[in-house]
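The values are calculated or read from the model by the stated rules, or taken from the named source; none is laboratory data. Worth saying up front: this structure is predicted, and the values here are computed from it rather than measured. Every residue, glycine among them, receives a Cβ derived from its backbone with ideal geometry; neighbour counts consider all protein chains shown. Quick note on the areas: whole protein, heavy atoms, side chains included, nothing else; ligands and nucleic acids left out. Shrake-Rupley method; radii C 1.70, N 1.55, O 1.52, S 1.80 Å.
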Amino acid sequence: MKQFFAFIKKEFYHIFRDTWTMVILLILPMVMLILFGYALSTEVKNAGFAVYDPSKDSATEQITHRLDVSEYFYLYDVLTSPEQVEEVLKGGRVSFVIVFSEDFYNNMVHTGEAAIHLIMDGTDPNTAVTINNYVSNIILGYQQELLDRATLPYKINILQKFLYNPEMKSSYNFVPGVMGMIIMLVCAMMTSISIAREKETGTMEILLVSPMKPLVIILSKVVPYFFLSCINLITILLMAVFLFKVPVAGNLFALLIVSLLYIFVSLAIGLLISSVANSQIVALLISGMALMMPVMYLSGMMFPIENMPIFLQGMAQLLPAKWYITAVKNIMIKGLGFAAILKELGVLSLMALALITLSLKKFKTRLE
Amino acid sequence: MAESKYQMNRIMVQGHNIFRKYGKVQALSDISFEVMEGEIFGVIGPDGAGKTTLFRILTTLLLADQGQAMVNGFDVVEDYTSIRKKIGYMPGKFSLYQDLTVQENLDFFATVFNTTIEENYHLIRDIYVQLEPFKSRRAGALSGGMKQKLALCCALIHKPEILFLDEPTTGVDPVSRREFWEMLGKLKAQGITIIVSTPYMDEAEKCDRIALIQGGSFIQIDTPENIKDGYANPLYAVSSESMYALLKDLRSCERVKSCYPFGDAHHVTFFDDSFTSEDLEKFLQSKGHNDNNISKIRPTIEDCFMNLSSPGDAS
């Protein structure tokens, strides 16, 4: 037991004395979360737009005003001729231009032929689609109000509604994904690198030629990273809730349990990598290439698994991250409890058991 | 002194026909030897001769392809856990935690070996006293000599019965090397069996017995004195003003069996004793070398090594 604690103390010395380890462990997760949150999201905020409005009546002014005061857009310019449309789009300062037809209000009320022309900057199709949705929603919303007031017998009721994520906030998707990724990164990469470092510097030779049991060496390598991962988990959750306004709608306790289980799985993967890798750079490459890439692309974090070819769908099932992300989404966003994630808990438990058995078996009591 | 205190008849380490391959390279072939309790046993040979491989097999870190090894009566394969409790090992590369201080390293290894610094303080006292001023310095910031002393401290902290030191003095300054060997002498006096490897031939003289290793095989095992006595031909040290021309001319002489530069003189042997140093003097003067200095010398271990390891050796 004394050996165990001395080893853990030593491990924390390593971590706290190496600036880059600290950066990777504590700063990187926050940076990743912020990057995914603000830079990489397809969500639109404060996009500029221009208006060409030949009718200038109450309806067009209302619509323009509503777009302007929404948190997504602001009115950048009012155009005086249709020729300016392309010019202002080329300038790059606006994301779209709204062109109203002439005599807009009258046509809308009497003939129903009022038209709005939405001209978008299509260079980034993802953003364009999002903008299109937002603008359409705002205009439809206005139209809806008019129809309500008009008490007309015929109503065209176009209703768009997104379940669970009504505002289509991408943070709802990326927070669980980034959680899955960061925990995998910190646990698997840092444990495998720290074990590989002992092999590289030769200290592993001395540890092996000592009365310390392999199981104790492994456990004392794992414990500090388990602890730090828990800190990371809490930071990410706090940032998710307070910075990105992603609620923990479901059972917090269930969320913690599944997270601890996932941390355990990731640590076991790190141990497994370290039994193969004899140098830090190899450990880094294996955990970077063989773990991070599949987690990013196959776990459903960036691309929906349902759209993948069958082969890749099968691969995705093998990723612990896929199961974890599903479970986190179920709890945080759909607001479900234990009952909803039993399958995920089961799969992760099996994975943990298999991986830890394998890595204990593979741990070498000799140099090769 | 030490010899009288401990009986030198118990075998501590034993190897039988050990073979080991790395890929296609035969790192060790047919190594057999015995090390007695309380002796300093030196494994002497150049880099790449197989010293580290042998040490790793004996310290239970590597498996031999063939052959057996016993350490303190335990088999290195079957009873490796028993061996690991009894031995101290200092790998060739500095293998302590560079980001931990001297004190932290010592404390850590003491705990790992289930002991404390106080418990075996008498063993490490001489070394520890020198380290003490740097107690709170990180190990990575120590000089080469200090690093080796710290590593030795850490390997000694659990009072091992056998100490394996793999090239402990490589990259260490001459003064620290001498101090290091003095310490080994003291440890030997405490009854610790020491197996040490080194590429420095002059250090061989400080061992009780040595094994000369070359290309993965032991070419001779004996005391340094016996090895030197066994040198077949009389050996001469030859020097003159133009050492390079001298070497070329010596090698061109058909009576000269071997000639190689050795510090500030060339070491020369002849094919038969009928050729004397006077004959050589005449030969050299005929080649235009004046001011020659030829003297018969007692061979060093390095001479023996060169002689034994030279290919096509007739003796």
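Could you please give the count of residues in the range A:143-175 that are among the hydroxyl-bearing types (Ser, Thr, Tyr), crowded, with 16+ Cβ neighbours inside 10 Å and either touching a Lys or Arg at 6+ places or on another chain (Cβ under 9 Å) or at pLDDT below 55 (or both)?
Count: 2.
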Which residue is farthest from the other protein chains (Cβ to nearest Cβ), if the candidates are limited to the range B:47-66 and must be over 21 Å from the mean Cα position of the chain (by Cα) and open to solvent by 40 Å² or more (accessible area, probe 1.4 Å)? B:Gln66
Scanning the range A:207-228 for residues that are of a type in the set (Ser, Thr, Tyr) and more than 12 Å from every other protein chain (Cβ to nearest Cβ) gives A:Tyr225
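Table: residues versus (1) within 30 Å of B:Val77 (Cβ to Cβ); (2) open to solvent by 60 Å² or more (accessible area, probe 1.4 Å); (3) charged (D, E, K, R).
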residue	(1), (2), (3)
A:Lys322	no, no, yes
A:Ala327	no, no, no
A:Leu350	no, yes, no
A:Leu360	yes, yes, no
A:Arg366	yes, no, yes
Residue hits (the range A:101-120; open to solvent by 40 Å² or more (accessible area, probe 1.4 Å), modelled with pLDDT of 80 or more and in a loop (DSSP other than H, G, I, E, B)) are A:Glu102, A:Asp103
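Restricting attention to helices (runs of 4 or more DSSP H) lying wholly within the range A:284-368, give those where 1 or more residues are touching a Ser or Thr at 6+ places or on another chain (Cβ under 7 Å).
Per the criteria, A:310-317, A:320-332, A:342-362.
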Against the definition (in contact with a helix residue (DSSP H, G or I) (Cβ under 7 Å, 6 or more places away or on another chain), more than 14 Å from chain B (Cβ to nearest Cβ) and not charged (D, E, K, R)), how does A:Phe338 come out, yes or no? yes
Every residue in the range B:152-172 that is within 16 Å of the chain's Cα centre (by Cα) and not hydrophobic (A, V, I, L, M, F, W, C), please. B:Asp166, B:Glu167, B:Pro168, B:Thr169, B:Thr170, B:Gly171
Return the residues of the range A:197-206 that are closer than 18 Å to B:Leu58 by Cα and more than 7 Å from chain B (Cβ to nearest Cβ); say none if nothing qualifies. A:Met204
Looking for something touching a helix residue (DSSP H, G or I) at 6+ places or on another chain (Cβ under 9 Å), at positive phi and touching a residue at least 24 places away in the same chain (Cβ under 8 Å) - is there at least one such residue anywhere in the range A:206-223? no
Counting only residues that are in contact with a Phe, Trp or Tyr (Cβ under 7 Å, 6 or more places away or on another chain) and more than 15 Å from A:Ala47 (Cβ to Cβ), how many does the range A:62-79 have? 3
Looking only at the range A:187-197, which residues are closer than 16 Å to A:Leu272 by Cβ and not small (Gly, Ala, Ser)? A:Cys187, A:Met189, A:Met190, A:Thr191, A:Ile193, A:Ile195
Residue in the range B:39-53 that is without any contact (Cβ under 8 Å) to a residue 40 or more places away in the chain and within 30 Å of A:Ile15 (Cβ to Cβ) present: no
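Residues checked against (1) surrounded by fewer than 23 Cβ atoms within 10 Å (Cβ to Cβ); (2) out of contact with any strand residue (DSSP E or B) (no Cβ under 6 Å at 6 or more places or on another chain); (3) more than 8 Å from chain A (Cβ to nearest Cβ); (4) among the aliphatic types (A, V, I, L, M):
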site: B:Gly73; (1), (2), (3), (4): yes, yes, yes, no
site: B:Glu78; (1), (2), (3), (4): yes, yes, yes, no
site: B:Ser82; (1), (2), (3), (4): yes, no, yes, no
site: B:Lys86; (1), (2), (3), (4): yes, yes, yes, no
site: B:Lys93; (1), (2), (3), (4): yes, yes, no, no
site: B:Val112; (1), (2), (3), (4): no, yes, no, yes
Does the range B:96-106 contain any residue that is part of a strand (DSSP E or B), at the interface with chain A (Cβ under 10 Å from one of its Cβ atoms), surrounded by 15 or more Cβ atoms within 10 Å (Cβ to Cβ) and not aliphatic (A, V, I, L, M)? yes
Among the residues of the range B:240-259, is any assigned to a strand (DSSP E or B), at pLDDT 85 or above and open to solvent by 40 Å² or more (accessible area, probe 1.4 Å)? yes
